[in-house]
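A quick write-up on the structure given underneath.
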Amino acid sequence: MTGPALVIDVLTIFPSWFDGPLSTSLLARATAEGRLALRVHDLREWATDRHRSVDAPPYGGGPGMVMRADVWFNAAEAVWNDLPPTVTAGRDRPPPEARYVAGGSRPRTILLTPRGDRFDQAMAEQFAREPRLVLLCGRYEGIDERVHHEVATDEVSVGDYVLLGGEVAAAAVIEAVTRLVPGVVGNAGSTTDESFTSGLLEYPQYTRPARLRGLEVPEVLASGDHGAVRRWREEQARTLTDRRRPDLRAEQAPRGPG
Ligand code: ADE
């Protein structure tokens with residue numbers, strides 16, 4: 001038996017936050033079928049004081065608290081190397097058996113932060129080709145800069161707004177990436193013929209009933225003329241994209257002759 005196509009580890013101080021998203025149908029089924037492995041770890045397992053604190057006041061002063069680098073280094077080294085928290089908690093250097101270490105060779109490790117590179121479909125496709133992803137969810141005013149440099153391999157933002165923490169952003173990345181893993185979404189066509197993959201927003205869809213409160217389904221869709229349906233959909237997608245997201249159209253490579 002082969003292992004899952006993609007293993008995702010999440011580090012967060014709110015592990016139960018992920019109970020809902022991960023137990024919903026498609027992701028739960030994909031993990032039950034062994035296509036995916038999703039593991040959520042509580043960062044506080046690597047705290048060493050009796051309050052299990054993971055943050056401290058910022059050097060140089062200022063409001064709020066900053067998440068501690070030592071806790072993040074030890075947590076990441078345990079997760080990367082599949083070691084239990086007890087092996088790395090409280091250490092001031094990696095354990096001798098660690099193959100992956102902070103600042104050295106390590107799996108793709110994504111820190112969710114509003115200052116990261118903007119997440120998009122192309123990035124989701126790139127992440128979906130990895131065997132393994134580690135997602136780091138920050139909280140509070142920020143994370144010690146050494147974590148950004150030595151633990152993360154990528155810094156990713158899900159948009160130009162500030163969330164309370166990285167959990168919602170991590171869930172967005174998990175959904176966008178896992179649905180690209182073969183077998184997670186039943187119909188392969190449904191992940192390719194859609195918004196962003198083609199560089200256009202998706203065309204409008206209709207289903208039964210044909211007439212609802214005086215609102216008709218466009219006639220061409222029931223015509224049985226497949227060529228006409230395809231042309232109508234392409235035209236709709238172009239018009240919609242020009243109106244709502246002209247930036248996407250500008251990004252498209254110019255078409256050559258023919
Ligand atoms: N954490 C807080 N805001 C965020 C954002 N916009 N993207 C990713 N992580 C975040």
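The values are calculated or read from the model by the stated rules, or taken from the named source; none is laboratory data. Being a predicted model, the structure only gives us computed values, none of them experimental. A quick note on method: Cβ atoms are made from the backbone with ideal geometry, for glycine too, and the neighbour counts reach across all protein chains shown. What goes into the accessible areas is simple: the full protein's heavy atoms, side chains included, and nothing from ligands, DNA or RNA. Shrake-Rupley method; radii C 1.70, N 1.55, O 1.52, S 1.80 Å.
Among beta bridges identified by DSSP and lying wholly in the stretch 6-178, the antiparallel ones come to about 10 percent. Sorted on the mean count of surrounding Cβ atoms within 10 Å across their residues, most packed first, peptides 55-64, 160-169 read 160-169, 55-64. Here T2 sits with roughly 120 square angstrom of accessible surface, probe radius 1.4 Å.
What does the charge count near S157 come to, summing +1 for each Lys or Arg and -1 for each Asp or Glu among other residues with Cβ under 12 Å from its Cβ? Net of charged neighbours comes to -3. If you take all other residues with their beta carbon under 9 Å from the beta carbon of R68, and give Lys and Arg +1 and Asp and Glu -1, the sum is -3.
Taking every protein chain into account, the accessible area of the stretch 193-252 amounts to 77 square angstrom per residue (probe 1.4 Å). Computed over the chain, the P(r) tail beyond 27 angstrom holds 49 percent of alpha carbon pairs.
If r is the Cβ-Cβ distance from D120 to R29 and R0 is 30 Å, what FRET efficiency results, to the nearest 0.05? The computed FRET efficiency comes out at 0.70. For the stretch 111-157, the mean projected area of the C-alpha convex hull, equal to one quarter of the hull surface, is 3.4 nm². Annotation: per residue accessible area for the stretch 73-163 equals 50 Å², rounded to a whole number [probe 1.4 Å, protein chains only]. Helical runs assigned H by DSSP (4 residues or longer) give the chain a calculated mean residue ellipticity at 222 nm of -8500 deg cm²/dmol, each run adding -39500 (n - 2.57) before division by the residue total. Looking at the calculated P(r) for the stretch 82-212, what percent of the C-alpha pair distances fall above 26 Å? Summing the P(r) of the stretch 82-212 above 26 Å gives 38 percent of all pairs. Counting only Cα atoms, the stretch 193-252 measures 37, 26, 15 Å along its principal axes, largest extent leading.
Cα centroid separation, the stretch 104-126 to the stretch 1-45: 18 Å.
Rolled with a 1.4 Å probe across the full set of protein chains, the surface gives F196 an accessible area near 100 Å². Surface composition of the chain: carbon plus sulfur atoms hold 52% of the accessible area, using a 1.4 angstrom probe and ignoring ligands, DNA and RNA. Protection proxy ranking of 32-40, 88-96, by the mean of other Cβ atoms within 10 Å over each peptide's residues and highest first, is 32-40, 88-96.
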